[in-house]
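The block underneath contains the structure these notes are about, expressed in C-alpha cells.
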Amino acid sequence: MVGDRERKELMLRIIDLCESVSGRGVDPFDVEVKEFFERLREILPKLREREELFLDIEAVLGLANVVFHQGEWIKYKSSMLYFDPMLIMWKLHALPPSELAEVFAGSWHPILDMECISPHGIKEAMDYWTNLPSLEDRGAKLDAVEVLPGEIAAQELERLGVLSEEEFVATLERAWKELKGKANGGEISYWDFIAARTFERTVSRAWLVSFLVSYGYATLEVKPLEEEILLKPLPKPMKLERVVTFSVPIAISRSEWLRRRSHG
Amino acid sequence: MAEEKDVVELREKVARAAQLLLYRRHMQPGVKAWELKRDLGRNYAEILKVLDGELQKLGLTVKKVSEGEEGSESVRYFVTMRGHPPVSEVRTFGWRIDDMAILAVSLSYILSKRGKAPLKEVERILGEKFPRWRVEQDIDRFIRRGYLEEDDEGVLYVGWRTRAEVDQKALLGLLLGREKKGKESEGQAPK
C-alpha cells in the first residue's frame with residue numbers, strides 16, 4: 001500500500017523532473033512518461049485532499065509539457081542543426097583554446113556597419129556646448145561631499161569572521177589583476193569595471209574597488225565636467241604617504257544599475 | 001528615354017539601400033524590413049538583390065535575419081562579410097584568442113542543448129579552460145553585444161548578432177570535424 005507521504009513525494013518528484021526538462025534542458029526522453037502516468041492513475045482514486053489533487057493536476061500538466069518537448073526534440077533532431085550533443089561536449093573538452101578560436105573564426109561573418117554623426121546630432125552637440133554652464137557652476141552642483149576617510153578595514157571583517165586575511169588578499173589581487181587586464185595599460189571607466197550581471201555582484205565589485213583604491217592598488221579620478229569616474233591600476237601597490245586623500249561617496253542604486261545595463 | 005530614367009532611379013535606390021544598411025541609425029546595426037519598405041518602396045527585396053550583387057564584388061553580402069515569425073515585419077537586414085576572416089586577422093579586430101574560444105564553446109554548448117542552456121552550466125564548462133574572471137567578463141560582454149541573450153532565470157540563448165554573423169551549422173560542423181593536433185600526429189606514426 002502506498003501511504004499519503006509516498007503519494008505526495010511521487011507527485012512532487014514528477015513535477016520537479018518535468019520542470020528540469022523545461023528549465024534546465026534535461027533530455028525529455030529521459031522521463032518515463034508512460035510509467036509516470038500509470039503511477040498517477042493508480043494513486044488518483046486514493047487522493048482526498050485538495051492539495052493532493054492540485055499536485056496531481058500539476059504533475060499531469062508537467063508530463064504533458066514533457067511530451068510537447070519530446071515533439072520539439074524530434075523536430076530539432078530532424079533539422080539540419082542536429083549534431084550529437086555528447087560528441088560536441090567531448091570536442092569542447094578536448095580542443096585547446098587556439099583550435100576553438102579557429103572553429104569560431106571559420107564560421108564567423110562579421111557585420112559591417114559604420115557610425116556617423118547626423119546634422120541633427122551636430123545641432124544637438126552645438127546646443128549642448130552653448131548651454132553648458134561654466135566649470136565653477138557645474139562643480140558647485142556636483143552631488144559629492146568631501147568627507148574624512150573612515151575605517152572599514154579588512155581586519156574588521158576578519159574579526160567578524162566574514163573573510164580570512166588570505167582570502168581577502170587573494171580576492172583583492174584577483175580584482176587588481178582583472179583591472180590591469182581591462183585597463184590595458186591605461187584607465188577604465190569605474191562603472192564599466194564594476195558592472196556585473198546582477199545588482200548584488202555590482203555592489204560587491206564596487207566594494208572591492210574601494211579597497212583597491214584605499215590600499216594603493218589603483219587610483220580613482222573624478223571628472224566632474226564629463227561626469228565620469230576613471231579607475232587607473234598602479235603597476236605596484238603604493239603606500240599612500242604624504243598624499244592628501246579624501247573619500248568619494250558613490251551611490252549605486254538598483255535603478256541606476258538597470259539604466260546603465262540597458263544602455264550597454 | 002523612359003528606360004534610362006528607370007536605370008537612374010534604380011541606381012539611386014541601390015545607393016540609398018547601401019547607405020541605410022551600412023550606416024548605423026539605431027542602437028543596433030542593420031535595418032528592419034518595414035524601414036526598407038518605407039524608404040525604397042514595395043520592391044525593396046529586388047533592390048537588395050541588386051545591391052547584394054554589387055557587394056559580392058567587395059566580398060560582402062546582404063544577410064536577412066528573421067527575429068520572429070517568418071514573413072513578418074520583424075525581419076532585419078545586415079551587411080556581413082561573405083567569407084570568414086582568418087584568425088590572424090580577427091586578432092586585429094580587437095578579439096583575443098581566448099575571447100573567440102569562449103564564444104565558440106558557449107555557442108556550441110547552447111546549440112547542442114537545443115538553443116538554450118543555464119548560465120551556470122556554460123560557466124562551469126568554460127571554467128575548465130579559462131579563469132573565472134575572464135569567463136564572467138566575456139559572457140557579460142557577449143550579452144551586451146548581442147551574441148548571447150540571458151533571461152531572468154539565468155538561461156542563455158543564442159543572440160541576434162549570432163543569428164546574423166555566425167553560420168551555426170558550420171560552427172558545429174567545424175568543431176566536430178576538427179581533430180586534436182596530438183591525435184593527428186599519433187595517426188601518422190609508423191605501425
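Along the Cα-to-Cβ line of A:Ser98, 7 Å from the Cα, sits a label point; which residues in the stretch B:85-102 have backbone N less than 17 Å from it?
B:86-92, B:96-102
My understanding is that a pair violates if its Cα-Cα distance is over 30 Å; which of B:Lys5/B:Lys57; A:Lys180/B:Lys169; A:Lys8/A:Lys75 do that in this structure?
With Cα atoms farther than 30 Å apart: A:Lys180/B:Lys169; A:Lys8/A:Lys75.
List every DSSP H helix in chain B whose Cα atoms extend 24 Å or more along the helix's own long axis and whose mean Kyte-Doolittle hydropathy is at least 1.0.
Taking the DSSP H segments of chain B (at least 24 Å long, mean hydropathy at least 1.0), we get none.
Evaluate the Debye formula for the stretch B:7-81 with equal point scatterers sitting on the alpha carbons, no solvent, and hand back log10 of I(q)/I(0) at q = 0.20, 0.23, 0.25 Å⁻¹, in q order, two decimals.
-0.83, -1.09, -1.26
Quick check on the exposure proxy: order A:Phe54, B:Phe93 from fewest to most C-beta atoms within 10 angstrom.
B:Phe93, A:Phe54
List the residues, sorted by chain then number, that are 5 or more residues from A:Ile229 or on another chain and whose placed amide H is less than 5 Å from its amide H.
For A:Ile229, whose amide H was placed from the backbone, the distant partners under 5 Å are A:Tyr190, A:Trp191, A:Lys223.
How far apart, in nm, are the 7 Å Cα→Cβ label points at B:Arg11 and A:Met89?
Once both label points are built, they end up 6.0 nm from each other.
Can you compute the modelled spin-label distance between B:Lys120 and B:Arg144, with each label point 7 Å from Cα toward Cβ, in nm?
Output for this residue pair reads 2.6 nm.
Would you please give the residues with an amide H less than 5 Å from that of B:Val155, counting only those at least 5 places away or on a separate chain, with H modeled from the backbone geometry?
Correct list: B:Leu119.
Would you mind ranking B:Thr80, A:Thr219 by Cβ crowding within 10 Å, fewest neighbours first?
Ranked by crowding around the Cβ, least crowded first: A:Thr219, B:Thr80.
Relative to the present Cα-Cα distance, how much length would full extension add between A:Asp16 and A:Leu258 at 0.36 nm per residue of separation?
83.9 nm
How much mean residue ellipticity at 222 nm does chain B get from its helices, if each DSSP H run of length 4 or more adds -39500 (n - 2.57) and you divide by all residues, to the nearest 500 deg cm²/dmol?
-17500 deg cm²/dmol
Contour minus end-to-end for A:Arg174 and A:Glu226, with contour as 0.36 nm per residue of separation and end-to-end as the Cα-Cα distance?
Extra length available between A:Arg174 and A:Glu226 comes to 15.8 nm.
Can you give the alpha-carbon Rg of the stretch A:4-77 over 2.2 N^0.38 Å, where N counts its residues?
Cα Rg divided by the expected 2.2 N^0.38 Å: 1.12.
Past the 21 Å Cα-Cα mark, which pairs from A:Lys177/B:Lys116; A:Lys182/A:Lys232; B:Lys13/B:Lys63; A:Lys77/B:Lys116; A:Lys182/B:Lys113?
A:Lys177/B:Lys116; A:Lys182/B:Lys113
Please find the FRET efficiency linking A:Arg201 to B:Glu128, where r is the Cβ-Cβ separation and R0 is fixed at 22 Å, and quote it to the nearest 0.05.
0.50
Mind running the shape call on chain B? Use the C-alpha gyration tensor, a ≥ b ≥ c as the square roots of the eigenvalues: rounded below 1.5 for a/c, prolate if a/b tops b/c, oblate otherwise.
prolate
Given R₀ = 25 Å, FRET efficiency for A:Glu35-B:Glu153 by Cβ-Cβ distance, to 0.05?
0.30
So if a site counts as exposed when it's one of the GluC sites (Glu not before Pro), its DSSP state isn't H, G, I, E or B, and it has at most 11 other Cβ atoms within 10 Å, what's the longest stretch of chain B without one?
Segment B:1-68 is the longest.
Pull up all non-local amide H partners of B:Val166: gap of 5 or more, or a different chain, and H-to-H distance under 5 Å with H placed in the peptide plane.
A:His109
For A:Lys77, B:Lys5, what's the fewest-to-most ordering of other Cβ within 10 Å of each Cβ?
If I rank by nearby Cβ atoms, fewest first, I get B:Lys5, A:Lys77.
Between A:Arg48 and B:Arg38, what's the calculated FRET efficiency when r is the beta-carbon distance and R0 is 45 Å? Round to 0.05.
It comes to 0.10.
Every number here is computed from the coordinates shown, using simple stated rules; none is lab data. Keep in mind it's a predicted model, so treat the numbers as computed, not measured. Quick reminder, even Gly has a Cβ in these numbers, built from the backbone with ideal geometry, and neighbours come from all protein chains shown.
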